[in-house]
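The values are calculated or read from the model by the stated rules, or taken from the named source; none is laboratory data. Keep in mind that what you see is a predicted model, and the values were worked out from it rather than measured. Because the Cβ atoms are built from the backbone with ideal geometry, glycine has one as well, and the counts that use them run over all protein chains shown.
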Amino acid sequence: MKLFAILLMAALMALPSVAQEKEVIATANYRLEIIKKGFRYGFARPDGSMILPPHASSGLVFSGGAAADCARNSDGTFEVVNDRGVKATVEIEAAEYHVRFRVRPQTGTRIVMRTGGVASPSYGLADHAAFGRNTTDVTGYRDDRFRAQEPPGHKRMISNFVIFPRQGIALVNMEKGLKLVRVTEDEIAQGSQEAGEMPAMYYFLGTPEQIYAAFLKARNREGYPVYKPKYEFFGVGWEAFGALGWKTNEKTVTENVEKYLSLGYPLSWMVVGSGFWPNEDPNLCATTSFGLWDKVRYPDPKRFIQHFKSKGLKFFLGLRISFIKDGPYSAEGVAKGYFLKEDGVAKAYKIAFPKLPAYLLDGSNPDAVKWYVGLCQKWMDYGVDGFKEDLFGYGVVRMREGNIDAVNRALMDKGVFIMGRNNYLGSACDVHRFEDFNFDQNQDRGPINGLAFSYSGFPYTYPDIVGGTFGEGRKMPPLNSPRMQTYMMRNARYASVNPSMAVGMGPWNFGSDEVEKVMREAAQLHGRLLPYIYSAAIDAYETGFPWTMAPLPLLFPDDPQVHGRENTTVRGYQWMLGPSLLACPLYGNDYDTANTRDVYLPAGKWMDYDTGTVYQGPRLLKDFPLPVGKTPLFVGGKGVVVETGLNAVVYPVAAGTYRFTHSDGTTRTMITTDARHWDKVQVADITVNQTVHFERDPGSGAIRFLIVPGHDYEIK
């Protein structure tokens, strides 16, 4: 890095400026051009073609004024003066795939960096892209008070990262406070509304793979770490709130989970998120009743939890950082200064849950976080493996982004499983749950939300419980109505091709053999793909690229046909589930009337997962049939899938090498395909130089064989 910086400075000094009006920082990948008047900066390719043009008037606004002029200092920094005479120092770090600006004004708290705009599409913004919007394309988005919990909707998975894959550029202002975001065809701007400096304004340049790799490094560097996820969370889960609502106890939970298992559901995790706390005292009705159980509903919690763990399930409880004012641990938290304060005093807020006023932990206080994690241990002493983090309804609180991340990071550091709902920029959790997704809501929000997560660097999407929650005053038709039956089947098919899925309301409640069959098939598909999906999750963790749910515009940015489809008009909600499977679920508000979709197959060879029919892309399959009984997948890309039991399935669609990561997150197996005559292939374990027995599927021609962890294989 130091050598690169030296070479870069040499290149900068060697480049002539035009009448001293422009400064140019050139690398092998891009040119950063700064017009001194107005500090108007833009990005161009080495051949001079424009990537992102400079702003029409000024590239920097601070201390109540727009940049008027600038000069480069001998140390490489820039001194910028605005039209009010206030100065700011701008440091620029130019690396191979990123440029980092640091802005330090003499005074003032509002800082905005901006360029000219570019034509759509642009993608990202996580939860902010999903509510009140009808497309994943965020062009036209404008919000000068960008923050969590901003209406409409409960926005809690927060990112202000925006990518323009066709232009090969992305940007983000890494800032925990109130932000400004504008993505229009006239202006691309990000800012800090209440900060005295802007320490980490990043632009990333290159291919989408290069951009996400650089974004990953920047997040880890700037204090927004991305954690390695754990295996079981990518399988099929069970949530008590979907199955039983608030009325949970040892008997009802056990009976419900056991019924799912007896029906062949491959459950690997479960959540009891509510009702386990002591219910007779309202001051204890919260997830922070650490170690205190309802003695009537849960008389023997250790035995209860161990029962499920003996069946291979990971057991999770609900968890929030809210402490009821008169709860068992609140006095200690107030005395030691562990809660958020207003005017120097801990304040109990009226938030959505718990129902009584509650203090909120101060995640910026390391001692408070350590204390909280110690309290969590009281739950883990009973055998609890992790938590469903779910603070919500806190819009009244002046809480900086990342307050909950501090707790989740500390728990992840201890190996605790975390289902994340609140998050800023990093990934201190195993899966990313989007907002409650229920029958009486906009069903297009689900796929738009999930894809927006992936664009934003949150690719471990969990699309909430299949079917959502029931009761709570929701307006629903009878469970045995045709519409409800179709809803459950479509929702299950959609969830099955997400990185994680979970069931709740039992399929036996809907009065339909077809519902039971389709939901079971969907869960079994997902469970069968668990090893393959987890391997893709490790690829995402290591590279930054969202391989568990990779939107097609990131994989094929120069193909115009992949853009403009992820919206409520086309409903072309498609993504790569790992490097070998193209997901195309029929979902959206037309779930109960539509039976076909226009499915786009990009360049390459694609095989229908169910029938083995082969198509050559690029090709649009008009009105492609997707009945509720069909698996919404095509095989392509690497053409290799590893299923449960370490069964490798290799399809005759492509040559190349597939890298599989085993459930420990470390051990690798390489599978290389180089077969010109598929009917005459042989499989060899090249680690021990032995021929491997395989079976061939008569329909698809795929071959199936067992693999050994750490061994590599060749098909030719």
Would you point out which residue out of 612, 604 is more than 23 Å from the chain's Cα centre (by Cα), of a type outside the set (A, V, I, L, M, F, W, C) and in a strand (DSSP E or B)?
-> 604
Name the residues in region 670-700 that are within 23 Å of residue 531 (Cβ to Cβ), touching a Gly at 6+ places or on another chain (Cβ under 7 Å) and surrounded by 15 or more Cβ atoms within 10 Å (Cβ to Cβ), would you?
-> 673, 700
Return a yes/no flag: does region 93-108 have any residue that is crowded, with 18+ Cβ neighbours inside 10 Å, more than 29 Å from residue 206 (Cβ to Cβ) and without any contact (Cβ under 8 Å) to a residue 40 or more places away in the chain.
-> no
Name the residues in region 74-100 that are over 40 Å from the mean Cα position of the chain (by Cα) and modelled with pLDDT under 95, would you?
-> 74
Lone qualifier among 641, 562, 628 - being in contact (Cβ under 8 Å) with a residue 40 or more places away in the chain and closer than 30 Å to residue 230 by Cα = 641
Has region 268-279 got any residue that is in contact (Cβ under 8 Å) with a residue 24 or more places away in the chain and either among the charged types (D, E, K, R) or surrounded by fewer than 16 Cβ atoms within 10 Å (Cβ to Cβ) (or both)?
-> no
Please work out which one of (1) modelled with pLDDT under 95; (2) of a type in the set (Asp, Glu); (3) part of a strand (DSSP E or B) is the condition residue 69 fails and give its number.
-> (1)
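Per-residue answers, yes or no, for (1) small (Gly, Ala, Ser); (2) over 26 Å from the mean Cα position of the chain (by Cα); (3) within 14 Å of residue 308 (Cβ to Cβ):
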site: 224; (1), (2), (3): no, no, no
site: 248; (1), (2), (3): no, yes, yes
site: 261; (1), (2), (3): no, yes, yes
site: 267; (1), (2), (3): no, no, yes
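Residues are listed down the side, and each one gets a yes or a no for (1) in a loop (DSSP other than H, G, I, E, B); (2) under 22 Å from residue 414 (Cα atoms):
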residue	(1), (2)
213	no, no
233	no, yes
246	yes, no
252	no, no
258	no, no
261	no, no
264	yes, no
269	no, yes
276	yes, no
Does residue 710 satisfy the condition of being among the small types (Gly, Ala, Ser) and closer than 22 Å to residue 609 by Cβ?
-> no
Identify, from the list 284, 313, the residue that is over 22 Å from residue 407 (Cα atoms) and buried (at least 16 other Cβ atoms within 10 Å of the Cβ).
-> 313
Scanning region 411-435 residue by residue, the ones that are in a loop (DSSP other than H, G, I, E, B), modelled with pLDDT of 95 or more and in contact with a Ser or Thr (Cβ under 9 Å, 6 or more places away or on another chain) total 2
Output the residues belonging to region 242-265 that are touching a Ser or Thr at 6+ places or on another chain (Cβ under 6 Å) and closer than 12 Å to residue 506 by Cα.
-> 242, 244
Filter result for residue 703 (β-branched (Val, Ile, Thr) and surrounded by 21 or more Cβ atoms within 10 Å (Cβ to Cβ)) | yes
How many residues of region 168-207 are of a type outside the set (Asp, Glu), part of a loop (DSSP other than H, G, I, E, B) and crowded, with 18+ Cβ neighbours inside 10 Å? The answer is 6
Test residue 2 against the stated conditions and say whether it is over 27 Å from residue 160 (Cα atoms), of a type in the set (Lys, Arg) and modelled with pLDDT of 95 or more.
-> no
Residues satisfying the stated conditions in region 371-428, i.e. farther than 26 Å from residue 222 by Cβ and polar (S, T, N, Q) = 377
Would region 211-219 turn up any residue that is of a type in the set (Val, Ile, Thr) and in contact with a Pro (Cβ under 6 Å, 6 or more places away or on another chain)?
-> no
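Table: residues versus (1) crowded, with 18+ Cβ neighbours inside 10 Å; (2) out of contact with any Phe, Trp or Tyr (no Cβ under 7 Å at 6 or more places or on another chain); (3) more than 30 Å from residue 36 (Cα to Cα); (4) without any contact (Cβ under 8 Å) to a residue 12 or more places away in the chain.
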{"position": "113", "(1), (2), (3), (4)": "yes, no, no, no"}
{"position": "118", "(1), (2), (3), (4)": "yes, no, no, no"}
{"position": "123", "(1), (2), (3), (4)": "yes, no, yes, no"}
{"position": "140", "(1), (2), (3), (4)": "no, yes, no, no"}
{"position": "146", "(1), (2), (3), (4)": "yes, yes, no, no"}
